[in-house]
Amino acid sequence: MTIADGASQPLDYKMLATRYQRVLEVARTISSTLDLPELLRRIVHAAAEVTETEAVSIMLYDSSIHQLRFEASTAGSSSLERITVPIEGSIAGTVFTTAQPLFIPDVSKDSRFFRKVDSQSSFVTRSILCVPLIYQEKPIGVLQALNKKQQGNEFGLEDIETLESLAAQAAVAIVNARLFQQSDLISEMVHEIRTPLSALTATSYILLRPNLSDEQRAEFVQLIQSETSRLAIMTTDFLDLAKLESGRMRFTPEFFEMKSLIAECVDVVKPQADGRRVTIHIDLAPNLPPTNADRGKIKQVLLNLLTNAVKYNKEGGDIFITAQCVDEAICIAVRDSGKGIPPEAMPRMFEKFYRVPDSEGMAQGTGLGLPIAKRIVEVHGGKMTVESEVNVGTVFRFTLPLSHET
Ligand code: ADP
């Protein structure tokens with residue numbers, strides 16, 4: 001066990017036995033849910049209780065960016081939400097790579113302490129006990145307890161033992177919840193695929209009828225073509241989403257000029273926009289600094305927003321693309337003059353497979369583009385939002401941190 005000085009007093013077996021009892025009770029409660037955010041919330045609260053600490057947080061490994069990401073904290077996740085910590089040179093990263101617990105009695109003396117977390121949460125960390133989350137001999141993240149509740153008290157060997165044993169149960173529960181999430185996605189996909197498949201089957205039977213006119217026949221063939229193309233798009237989108245959700249999608253950041261990427265995307269959607277007499281206006285702040293992100297993935301985000309802005313616009317409408325720097329981030333907005341989104345649909349806009357009911361007749365789609373785009377932006381440390389007014393139009397905004405500093 002690799003631990004720093006300060007946890008070297010002998011084990012208190014009586015205390016340990018009581019703690020184990022509690023860990024077992026807690027393990028039963030935590031693993032009774034398959035909802036990942038709720039599970040993580042339960043784990044951090046249980047860990048804070050059994051180790052009697054001021055705060056506990058959980059970080060999970062995100063292989064797409066090779067960093068650890070804050071997923072839950074007893075201090076509430078909003079301020080720490082989506083902060084990522086580098087593997088190299090950080091306390092959590094050391095625990096993750098060595099798969100050994102680490103106790104730091106005084107973080108102010110440890111250069112590996114990641115100060116950004118304290119500065120964002122107004123929490124003052126004195127000491128850290130960090131243990132790995134290991135599933136089948138592979139680390140999947142870390143669990144860390146900060147500051148014993150009673151000042152002056154130090155972490156002891158009992159705390160390390162207790163936290164490690166809780167981490168072992170937590171890791172299994174997390175992997176199970178993730179698998180469940182995946183199977184959930186698969187069942188949703190199967191459900192969604194059924195509709196175009198039955199349309200295809202029904203249409204092909206009708207086509208066998210001898211008494212169809214040429215016009216009717218052409219209409220049914222067109223229906224088959226559009227349903228097959230919808231299935232093809234759905235399959236690609238679905239694979240993207242599954243990869244994003246399981247952290248298997250690779251991201252390769254590079255510095256690029258947003259101006260040229262926007263111009264490239266406008267070129268792609270221009271024929272579609274011209275077909276509906278939609279005019280695209282671009283207004284970019286001067287001297288935008290280069291963006292550090294995966295260019296191909298950001299192109300996918302922009303193309304999704306732009307195609308939607310064309311598809312759900314009115315004939316002869318307008319699209320305005322703006323980009324500016326706001327609070328250390330580049331903020332891109334795509335505004336359209338379309339039919340807008342009814343208020344009751346707004347909370348569901350980034351849900352998988354969700355389409356505003358009357359969109360079906362208006363344009364072809366899968367309802368996967370927006371959840372994919374939002375997730376891509378979030379993996380980059382940014383945010384995506386939507387505002388809309390019925391019969392006036394909709395604006396989608398997303399941010400990308402400028403330096404992508406983590
Ligand atoms: P798709 O366009 O393939 O259906 P998306 O995930 O991109 O999937 O969008 C989901 C739904 O959100 C669309 O079906 C449409 O109902 C609605 N939507 C998206 N963008 C706009 C927009 N700019 N204006 C109005 N509704 C929109």
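Which entries in Lys149/Lys383; Lys148/Lys383; Lys270/Lys299; Lys138/Lys374 show an alpha-carbon gap greater than 26 Å? Don't skip to the answer; put the middle values down first.
On the way: Lys149/Lys383 34 Å; Lys148/Lys383 34 Å; Lys270/Lys299 15 Å; Lys138/Lys374 29 Å.
Going by Cα-Cα distance, Lys149/Lys383; Lys148/Lys383; Lys138/Lys374 fall outside the 26 Å limit.
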Subject >> Charge dipole magnitude, Cβ of K and R +1, D and E -1 - the chain, Cα centre, debye nearest 20 >> reply: 360 debye
**OP:** Averaging sequence separations of C-alpha pairs under 8 Å and six or more residues apart, then dividing by the length of segment 232-380, give the relative contact order as a whole percent.
**Re:** 26 percent
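In a shell of Cβ-Cβ distance under 15 Å around Ala167, excluding Ala167 itself, what net charge do Lys and Arg (+1) and Asp and Glu (-1) give?
Numbers: positive: Arg19, Arg22, Arg42, Lys138; negative: Glu49, Glu71, Glu137, Glu158, Asp159, Glu161, Glu164.
Result for the local shell: -3.
Please report the orientation-averaged projected area of the chain, defined via the convex hull of its C-alpha atoms, in nm².
Values: hull surface 95.2 nm².
Its average projected convex-hull area is 23.8 nm².
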Subject >> Three-way shape call for segment 211-287 based on the alpha-carbon gyration tensor, with the a/c threshold at 1.5 >> reply: oblate
**OP:** Just tell me which aspartates and glutamates come within less than 17 Å, Cα to Cα, of Lys109; anything on the same chain fewer than 8 places away is out.
**Re:** Asp5, Asp118, Glu154
Subject >> Part-to-part distance (alpha-carbon centres) for segment 249-274 and segment 328-352, which is given in Å >> reply: 19 Å
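What do the square roots of 5 times the Cα gyration tensor eigenvalues come to for segment 252-406, in whole Å, largest first, as semi-axes of the equivalent ellipsoid? Before the final figure, lay out the partial values.
Details: eigenvalues 124, 62, 37 Å².
Listed largest to smallest, the semi-axes of segment 252-406 are 25, 18, 14 Å.
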Original post:
In whole Å, what is the distance between the alpha-carbon centres of segment 39-65 and segment 179-215?
Top reply: 44 Å
Original post:
Between Ile193 and Ser260, what FRET efficiency follows from the Cβ-Cβ distance if R0 is 41 Å, with the result rounded to 0.05?
Top reply: 0.65
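For a protection proxy built on the mean count of beta-carbon atoms within 10 angstrom, sort 155-167, 188-200 highest first, please. Each step should come with its number before you reach the end.
Values: 155-167: 22.5, 188-200: 14.1.
Taking the mean over residues of other Cβ atoms within 10 Å, the ranking is 155-167, 188-200.
From the Cα gyration tensor of segment 288-335, with a ≥ b ≥ c the square roots of its eigenvalues, which class applies: rounded if a/c is under 1.5, or else prolate if a/b is larger than b/c, or else oblate? Spell out each step's value before the answer.
On the way: a/c = 3.65, a/b = 1.72, b/c = 2.13.
Taking the square roots of the gyration eigenvalues as a ≥ b ≥ c, segment 288-335 is oblate.
In terms of the Cα gyration tensor, with a ≥ b ≥ c the square roots of its eigenvalues, is segment 5-179 rounded because a/c is under 1.5, prolate because a/b exceeds b/c, or oblate?
Details: a/c = 1.42, a/b = 1.03, b/c = 1.38.
Verdict is rounded for segment 5-179.
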Subject >> Relative contact order %, the chain, counting alpha carbon pairs below 8 Å whose residues are six or more apart >> reply: 13 percent
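Just so you know, all these numbers are worked out from the coordinates, no wet-lab data involved. Predicted model only: the values in this text are computed from it and were never measured. Positions of Cβ are backbone-derived with ideal geometry, glycine not excepted, and every protein chain shown enters the neighbour counts.
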